[in-house]
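Asks: To start, I am sharing the structure in question, which I have written as structure tokens.
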There are 2 protein chains.
Amino acid sequence: MKKTKENKNRVSGLPVPTIRRFPLYLSFLKVEKNKETKYISAPEIARELHIDSTQITKDFSYINIKGKTKIGYETTTLIDAIEAFLGYYVLRKAFLVGIGNLGIALMKYIEFSNEGLEIIAGFDIDSEKMGMEINDIKIFNINKFKKHFDKTPVDIGIITVPADQAQKIANSMIDCNIKAIWNFSARPISAPDNIIVENTSIDSGLAMIKWKLKIDKPLIYKNRIL
Amino acid sequence: MKKTKENKNRVSGLPVPTIRRFPLYLSFLKVEKNKETKYISAPEIARELHIDSTQITKDFSYINIKGKTKIGYETTTLIDAIEAFLGYYVLRKAFLVGIGNLGIALMKYIEFSNEGLEIIAGFDIDSEKMGMEINDIKIFNINKFKKHFDKTPVDIGIITVPADQAQKIANSMIDCNIKAIWNFSARPISAPDNIIVENTSIDSGLAMIKWKLKIDKPLIYKNRIL
């Protein structure tokens, strides 16, 4: 039983919370790099990010990064190693479906270019949006999704449509044998096991806050990646 | 040791994954309500949401909802119970800081009104944005944050500024004794234990996708809320 639980929380031998902590480390380390901090120690990172120092050392050892005694980690080496590990150097192209406020925000999100994601086309059901350009990305009719995919295949499909439309859109992506689906709708989507599915739900975050406000004696686990 | 782990995953006796699943149930149940589905069973919900049926029954039992044998749960009763449990009926007011693309998308996010969240003012450092109105919400200078808070206190502070500014903004909120901070920046923020902190990071979702694409033999745990 113990073993099963461990496996469920691991992807390719790595604990999922470890993978989720890497973008946090990156974000912090880049600020330090801009401040021209040459070396940084695990306890220093721990203090700033409120993550246990031994956990940090353990996370870095997964990607074969070892600090020097009394000096710590070289900031740029650490940044490079994490970016390489996460695959940020490999550019992945994406289609986004659902040109609402969130869809537009994601099409304009500047961090994606640093993280190796390029949204190359947007799709919507609303004919008034056809031909529009958002951040130099063209918007097409959703019924042209497969045609565009066949011409320019992408790795990732991003879903920013209302909850009741999400599965339908996911099905179009699955029909194209897309590799990964990133679903921002409130509704989880179903896909075959060989397709990567990631759900990022805004409503889930709000639910936690509202529930904790309601009970009014919240137990906080600061900055824990739940 | 077992007990500590249990406590860390619970808020007020409830498992955190259970709380995070409730918005998913809600989203699904509302679609069913619109289809005039009067009763729904745990196995039916399980099939659609890819969550184990016994887990669903267990989640609902936490909020004292029991289904009828062979009939299941009454859709509207279940919706009402979950909304009441999550505190959606209690309207919480919020200030949002950071009028970029994501900030604007959140100010226009229509689901918030159903979820009992009202953003009543926006703040930014950019003087060109002062006096703007987004979805009838006025934008003010960030240095007027405390003045506005003293006049109209809010429960929730939403942070949508760049990572290197997040802690500074959080500190202004903490100085006002705000009850909860919802942080969308890539950088986790630090706050005293009596303040609720929720981090919703887009970058963390992308990191998971890029890593799984890199290893190219992903182990998928469909729709699991990690």
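The values are calculated or read from the model by the stated rules, or taken from the named source; none is laboratory data. Since we're looking at a predicted model, the values are computed, not measured. Using ideal geometry, Cβ is built from the backbone for each residue, glycine included, and neighbour counts are taken over all protein chains shown. When the accessible area is computed, the model is the full protein with side chains, heavy atoms only, and any ligands, DNA or RNA have been set aside. Shrake-Rupley method; radii C 1.70, N 1.55, O 1.52, S 1.80 Å.
Asks: If you line up the long axis of helix A:16-34 against the longest principal axis of chain A, both from Cα atoms, how many degrees apart are they, to the nearest 10?
Replies: Helix A:16-34 sits roughly 80 degrees off the main axis of chain A.
Asks: Calculate the all-directions average of the projected area of the range A:10-86's alpha-carbon convex hull, and give it in nm².
Replies: If I average the Cα hull's projected area over directions, I get 4.6 nm².
Asks: What is the spread of the Cα atoms of chain B along each of their three principal axes, largest first, in whole Å?
Replies: So the extents along the principal axes, rounded to whole Å, are 61, 42, 35.
Asks: Per residue of A:24-34, what is the mean number of Cβ atoms on other protein chains within 10 angstrom of that residue's Cβ?
Replies: 4
Asks: Work out the mean other chain Cβ neighbour count within 10 Å for the residues of B:74-87 and drop it here as an integer. Mind dumping the intermediate values first?
Replies: On the way: counts 0, 0, 0, 0, 0, 0, 0, 0, 1, 1, 1, 4, 8, 9.
Mean number of neighbouring Cβ atoms from other chains: 2.
Asks: Which percentage, to the nearest 5, of the DSSP beta bridges contained in the protein assembly as shown is antiparallel?
Replies: Numbers: 14 of 56 bridges.
Antiparallel: roughly 25 percent of the beta bridges in the protein assembly as shown.
Asks: May I ask you to report, in nm to one decimal and beginning with the shortest, the distances from residue A:91 to the same position in the other copies, taking label points 7 Å along Cα-to-Cβ?
Replies: When each copy's label point is compared with this one, the spacings are 4.8 nm.
Asks: Same structure again: Given a Förster radius of 22 Å and the C-beta distance between residue B:84 and residue B:113 as r, what FRET efficiency does 1/(1 + (r/R0)^6) yield to the nearest 0.05?
Replies: 0.85
Asks: Next up: What does the average come to when, for each residue of peptide B:113-121, you count the partner chain Cβ atoms lying within 10 Å of its Cβ?
Replies: Mean partner-chain Cβ count within 10 Å for B:113-121: 2.
Asks: What's the whole-number percent of alpha carbon pairs in the protein assembly as shown lying beyond 29 angstrom? Walk me through the intermediate numbers first.
Replies: Working: 50340 of 101926 pairs.
I get 49 percent for the Cα pairs in the protein assembly as shown exceeding 29 Å.
Asks: Follow-up. Residue A:97 accessible area, nearest 10 Å², 1.4 Å probe?
Replies: 0
Asks: Let me ask something else about it. May I ask which of A:210/B:70; A:151/B:210; A:168/B:212; B:147/B:168; A:151/B:108 have a Cα-Cα span longer than 28 Å here? Kindly include the intermediate steps, with their values, before the conclusion.
Replies: On the way: A:210/B:70 33 Å; A:151/B:210 23 Å; A:168/B:212 24 Å; B:147/B:168 17 Å; A:151/B:108 34 Å.
Result: A:210/B:70; A:151/B:108 exceed 28 Å.
Asks: Further, regarding this structure: Which value, in nm² and rounded to one decimal, describes the direction-averaged projected area of the C-alpha convex hull of the range A:90-213?
Replies: 8.5
Asks: Return the distance in nm (one decimal) between the two label points of a simple spin-label model at residue A:175 and residue B:63, each offset 7 Å from Cα along Cα→Cβ.
Replies: Between residue A:175 and residue B:63, the simple spin-label model gives 3.5 nm.
Asks: Same structure, new question: Kindly identify the range A:148-219 as rounded, prolate or oblate by the Cα gyration tensor criterion: order the square roots of the eigenvalues as a ≥ b ≥ c, call it rounded if a/c is under 1.5, otherwise compare a/b with b/c, prolate if a/b is larger, else oblate.
Replies: In terms of gyration-tensor shape, prolate.
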